[in-house]
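Here is the structure we will look at, set down as structure tokens.
Derivation of every value follows stated rules applied to the coordinates shown; laboratory data play no part. This is a predicted model, so every value here is computed, not measured. Every residue, glycine as well, gets a Cβ built from its backbone with ideal geometry; the counts of neighbours run over all protein chains shown.
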Amino acid sequence: MMGGSKTYIEATTANHAQGTDPEWGAKIGDLGKVDKDEVVKHSSIRLANALISKSKKYERSYKHLVHIKGKPFVLAIAPFEQPFFWTQNDNAICQVLYGYKKPIFKDIPEENRREILGHEYIDFIEKPNGAEVPMGYFTNGEMPEISAVIFSNTATFGKVRALSKDPCPMVFEHLRYNKKGLTAHHRVTPKNGYVETLLEGLHVYHNPTARHPLDEKFLQDNDVTHHWYSFEDGFPFDDAKDEALIQRMTIGVRPE
């Protein structure tokens with residue numbers, strides 16, 4: 001029950017494809033070799049696959065259930081499709097849902113401001129076999145049954161470690177949104193000085209073409225970032241707070 005109305009949520013994960021490396025195969029020594037563009041490309045394909053699968057499940061069975069008819073239906077997706085999946089931030093899910101790749105901008109450091117020159121969009125991603133995977137399922141009107149998507153690239157065991165009282169020595173390398181500057185805050189913080197809440201890193205992407213729009217009071221928390229798409233402006237916008245968690249890596253320290 002959210003904001004006085006019922007909302008139904010289905011949870012799923014984006015997993016690795018057959019023949020590709022699983023997320024648990026990550027080796028810390030390979031982190032410096034990660035190609036961010038390739039991570040986002042592969043994740044977009046796998047996230048789209050999870051989204052399509054659950055959309056078909058809704059059409060096949062969920063929509064016929066009496067208690068779900070006429071109610072918002074939300075899909076919660078967590079990405080675990082490749083090593084270093086968490087480096088994708090929210091880039092892949094924005095492509096999948098809104099067909100939005102990135103802003104085209106020019107930084108003016110001496111004035112501490114960024115001038116937006118335009119926006120880059122993406123219609124599809126080509127798989128290794130040549131097949132095209134469409135992007136922008138929330139903006140092309142193909143999935144009105146999905147009211148919104150909940151997403152997080154930080155809902156990992158690192159979250160458990162951040163919230164626990166585990167005495168094991170460790171440090172947290174984290175990126176946080178810098179609302180007043182041109183680059184994100186990049187910090188390395190010891191366990192005894194690191195603070196993270198349960199909801200930090202959680203995103204809610206609203207579907208502008210939803211048949212049953214999500215209640216505005218749904219998950220209204222200062223640590224949750226909500227995203228909407230403006231057809232009038234042609235790009236997504238959000239309510240991210242300053243210092244919002246973008247990504248986090250946990251590093252265990254072995255005392256000699």
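Taking region 198-256 as the region of interest, the strands (runs of 3 or more DSSP E) fully inside it that hold 3 or more residues being more than 30 Å from residue 168 (Cα to Cα) and of a type outside the set (A, V, I, L, M, F, W, C) are 224-230.
If you go through region 150-186 and keep only what is basic (Lys, Arg) and surrounded by 13 or more Cβ atoms within 10 Å (Cβ to Cβ), you end up with 159, 161, 176.
Residue-level analysis places residue 147 among those that are over 24 Å from residue 41 (Cα atoms), among the hydroxyl-bearing types (Ser, Thr, Tyr) and crowded, with 16+ Cβ neighbours inside 10 Å. Taken over region 35-50, residues that are over 19 Å from residue 15 (Cβ atoms) and either assigned to a loop (DSSP other than H, G, I, E, B) or without any contact (Cβ under 8 Å) to a residue 24 or more places away in the chain (or both) amount to 2.
Annotation: of all residues in region 176-197 being out of contact with any Asp or Glu (no Cβ under 9 Å at 6 or more places or on another chain) and outside any loop (DSSP other than H, G, I, E, B), the one that is farthest from residue 112 (Cα to Cα) is 192. For region 146-188, the set of residues classified as among the aliphatic types (A, V, I, L, M) and farther than 30 Å from residue 59 by Cβ consists of 160, 162, 163, 170, 171, 175, 182, 184, 188, listed by residue number.
Here is a yes/no grid of residues against (1) touching a Lys or Arg at 6+ places or on another chain (Cβ under 7 Å); (2) surrounded by fewer than 20 Cβ atoms within 10 Å (Cβ to Cβ):
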{"residue": "23", "(1), (2)": "no, yes"}
{"residue": "34", "(1), (2)": "no, yes"}
{"residue": "40", "(1), (2)": "no, no"}
{"residue": "46", "(1), (2)": "no, no"}
{"residue": "51", "(1), (2)": "no, no"}
{"residue": "54", "(1), (2)": "no, no"}
{"residue": "61", "(1), (2)": "no, yes"}
{"residue": "71", "(1), (2)": "yes, yes"}
